[in-house]
Amino acid sequence: VIQIGSIEELQKIGNDSGYPLNGEYELKGSIDAAATLNWNGGAGFKPIGTASNMFVGKFNGNGYKIINLYINRFSDNYLGLFGYISSGAEIKNLGLEDCLIVGGSYVGGLLGYNGSSATVSNCYSMGLVSGFGSNVGGLIGYNYKGIVSNSYSKGSVSGHSSCIGGLIGVTWEGEVNACYSNT
């Protein structure tokens, strides 16, 4: 299991050969991500996993949180802390607080796209999530055949098209159990 203790280490997932997208990770403490405001020319944090290179590993937040995560990529899709997960990926026991996530379509605080047989459990997102397209949710933008349980979102969610939700923008053939949104 690869230990993650800083926002810089978190950004290495999928961008450094020592941090593969099929790896197993866990937080060793809460992380203040305020520095992401100035990353990538103002675009902020680069989400973990893309539609062509998905996160298929495991991530255990161990009950810790990531605070002040900033992503401002209004013309990009599949945005959140994780952009796209699939094929048995697992994200659990993780919180996001005071996040600001702005994107196109498939935008969520925690996750843009939760694909086939991926699971999210015991997670939450608090902050502002906005998409200029469709499939925007406070926690997850689009849940396709994924399982989401014991999770919630609080904050402001807005979109400029269809399929906008406080918790999840759209769930298609997936499961959502014991979750709520308070926006």
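The values are calculated or read from the model by the stated rules, or taken from the named source; none is laboratory data. From a predicted model like this one, the values you see are computed outputs, not experimental measurements. When we count neighbours, we look across all protein chains shown, and the Cβ atoms used for this are built from the backbone with ideal geometry, even at glycine. Note: areas computed on protein heavy atoms with side chains; ligands, DNA, RNA excluded. Shrake-Rupley method; radii C 1.70, N 1.55, O 1.52, S 1.80 Å.
Quick notes on this structure:
- Our estimate of slack between residue 17 and residue 53, defined as 0.36 nm per intervening residue step minus the Cα-Cα distance, is 11.6 nm.
- Local electrostatic count, residue 24, Cβ distance below 12 Å [Lys/Arg +1, Asp/Glu -1]: 0
- Within the accessible surface of region 25-79, defined with a 1.4 Å probe on protein heavy atoms only, the carbon and sulfur portion equals 47 percent.
- For region 25-110, the convex hull drawn through the C-alpha positions has a volume of 85 cubic angstrom per residue.
- Counting only DSSP H runs of at least 4 residues, each contributing -39500 (n - 2.57), and dividing by the residue count of the chain, the helix-based mean residue ellipticity at 222 nm comes to -500 deg cm²/dmol.
- Extension gain, residue 149 back to residue 2 (0.36 nm per residue minus Cα-Cα distance, nm): 50.5 nm
- Net length gained if the chain between residue 116 and residue 37 were fully extended (0.36 nm per residue, minus Cα distance): 25.3 nm
- At 1.002 mPa s and 20 °C, Stokes D of region 144-183 from Kirkwood alpha-carbon radius, µm² per second: 198 µm²/s
- D (Stokes-Einstein, µm²/s), Kirkwood Cα radius, the chain, 1.002 mPa s at 20 °C: 140 µm²/s
- Per residue, region 37-183 exposes 38 Å² of solvent-accessible protein surface, assessed with a 1.4 angstrom probe and all protein chains in place.
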